[in-house]
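The values are calculated or read from the model by the stated rules, or taken from the named source; none is laboratory data. Every value quoted in this text rests on a predicted model; they were computed, and no experiment measured them. For accessibility, only protein heavy atoms count, side chains too; no ligands or nucleic acids. Shrake-Rupley method; radii C 1.70, N 1.55, O 1.52, S 1.80 Å.
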Amino acid sequence: MSATSLPAMPMPPIPDLPSSGFRLTKEHFLVAVPVAVVAAVGGFLVSQYLNRRRCKKGQVNTCINKDSPKVVHSFDMEDIATKAVYCRCWKSKKFPYCDGSHTKHNEETGDNVGPLIIKKKDA
């Protein structure tokens, strides 16, 4: 059995496609790729920064003693005059004392948090 060779098939002509006048060259890619990478990295870093500033889900303390593993305040009963009002919303500028910030917080969020009020009993 002898090997027969197939005759070469002529290639049909490739039609010219209409040109839009826009051509990407190697130089275009050398400029576009670094710009795209810088934009992507910049967008990622900005999103990370903004996510850190936003309150984590379930977190109530957004700014008080964030470097401490636990926020604890202790008071002696003898140091309280007749009444002490303590913050429970974590929004007070005078924390741990209440400054009424819970009112604005409640209006904005529909929450119902209020202060802890400690009174001395009349003897």
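Brief remarks on what is shown
- Only residues that are open to solvent by less than 70 Å² (accessible area, probe 1.4 Å) and among the charged types (D, E, K, R) were counted in the range 79-110, giving 1.
- Matching entry among 94, 66, 70, 57 (being part of a loop (DSSP other than H, G, I, E, B) and modelled with pLDDT of 90 or more): 94
- Test: residue in the range 1-19 that is in a helix (DSSP H, G or I) and either more than 30 Å from residue 111 (Cα to Cα) or at pLDDT below 80 (or both): no
- Filtering the range 74-98 to residues that are β-branched (Val, Ile, Thr) and under 22 Å from residue 113 (Cα atoms) leaves only 85.
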